[in-house]
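The values are calculated or read from the model by the stated rules, or taken from the named source; none is laboratory data. Bear in mind the structure is a predicted one, so any value in this text is a computation, not a measurement. FYI the Cβ positions are ideal-geometry reconstructions off the backbone, even for glycines, and counts take in every protein chain you see. Note: accessible area is taken over every heavy atom of the protein model, side chains too, but ligands, DNA and RNA are not part of it. Shrake-Rupley method; radii C 1.70, N 1.55, O 1.52, S 1.80 Å.
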Amino acid sequence: MDPDEDVDFKLGETIYENRGVVEWTRFWKTAFISTFGLAPGFYIFEIYAGDGVPSLQWIADKWSWWDIPRQFQDGGGWNTHELRYCDDHEYMNLQYGGKRVFARPLHTIYVLQLLCLLKMSNFGYVSKMVYNREKDIVFVYKPTGLWNEQEYIYEMHHLEKVIPYSVTARKNMSAQRDDGIFTIACLNTKDHMKFYNEKKYWNLDERDDFMHQTSNLWRDAMDKYDGSIFKTTHLANEEDSLMMMKVDREMKDAIAKHGEASPPKSHEEIFYETIEKKKRDIVGV
């Protein structure tokens, strides 16, 4: 859907900027790919590219500067040469058939999981946010994909700070600390954005205005019965209070004049009282 022609997409004041987010995100991705990608991925690759599991001695010679003593090694090979048939075709070889059926799909799935991990390692952090000239739209830049940074556009009236599920958790949130992290959600796209609370990342001339516009559900949140959207009436107004006081006075005057009223008994109570009375009449008590 095309935007309205009167929407201003020209950049205005920068509200927030933290370039370290991009650098740290890429650092963690590099650490992930080094730890979970190169070593295990290459080891699994060698399982089906060679005749068996690579020996620890070979790994030490090629990839490391230390080795495990021979008495603690398993020898590496699977000793499957006697399982070969008379035919050397791959479909007649149990070892290579097993690699095709199990090892290669597992390796492919492992690599795909690793790519998904890298893609999800952006954690929603914002590296830069800029107003448009009318201050009704923000341009948000976030790390995305495997190694990129992408611009997202949000309307200001859709942005709102995320409120905790429990009211009592508010005082313990990271967003309440000067060096904490708070989350803003777009109520339209359901995207979440994380910002550092430290003032060194913010344009102080624009920070208070931005916080005010994204705190509609937080503002004056002192009464759990009185919300911005839903309200639960639990306190009587002046007119209702006066009416209740009048009714209370009239009830006290009626009790003083006529005495306390006895509520009618239930049929069950009358039934058992009649039985008890007849018992007393029989024994003559």
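For the range 208-226, the set of residues classified as acidic (Asp, Glu) and modelled with pLDDT of 75 or more consists of 208, 209, listed by residue number.
Do we find that residue 193 is modelled with pLDDT under 85 and surrounded by 12 or more Cβ atoms within 10 Å (Cβ to Cβ) in this structure?
When the stated conditions are applied, residue 193 does not pass them.
Within the range 227-285, if we keep just the residues that are open to solvent by 100 Å² or more (accessible area, probe 1.4 Å) and within 30 Å of residue 216 (Cβ to Cβ), the residue that is modelled with the highest pLDDT turns out to be 238.
Going through (1) at pLDDT below 80; (2) among the basic types (Lys, Arg); (3) surrounded by 12 or more Cβ atoms within 10 Å (Cβ to Cβ) one by one, residue 171 falls short only on (3). Mind listing just one residue for me: the one in the range 176-190 that is modelled with pLDDT under 90 and outside any strand (DSSP E or B) and, of those, surrounded by the fewest Cβ atoms within 10 Å (Cβ to Cβ)? So, considering only residues that are modelled with pLDDT under 90 and outside any strand (DSSP E or B), the one surrounded by the fewest Cβ atoms within 10 Å (Cβ to Cβ) is 178.
Kindly provide the set of residues from the range 10-28 that are closer than 18 Å to residue 133 by Cβ and open to solvent by less than 20 Å² (accessible area, probe 1.4 Å), ordered by number. If the condition is that a residue be closer than 18 Å to residue 133 by Cβ and open to solvent by less than 20 Å² (accessible area, probe 1.4 Å), then 15, 16 are the ones that fit.
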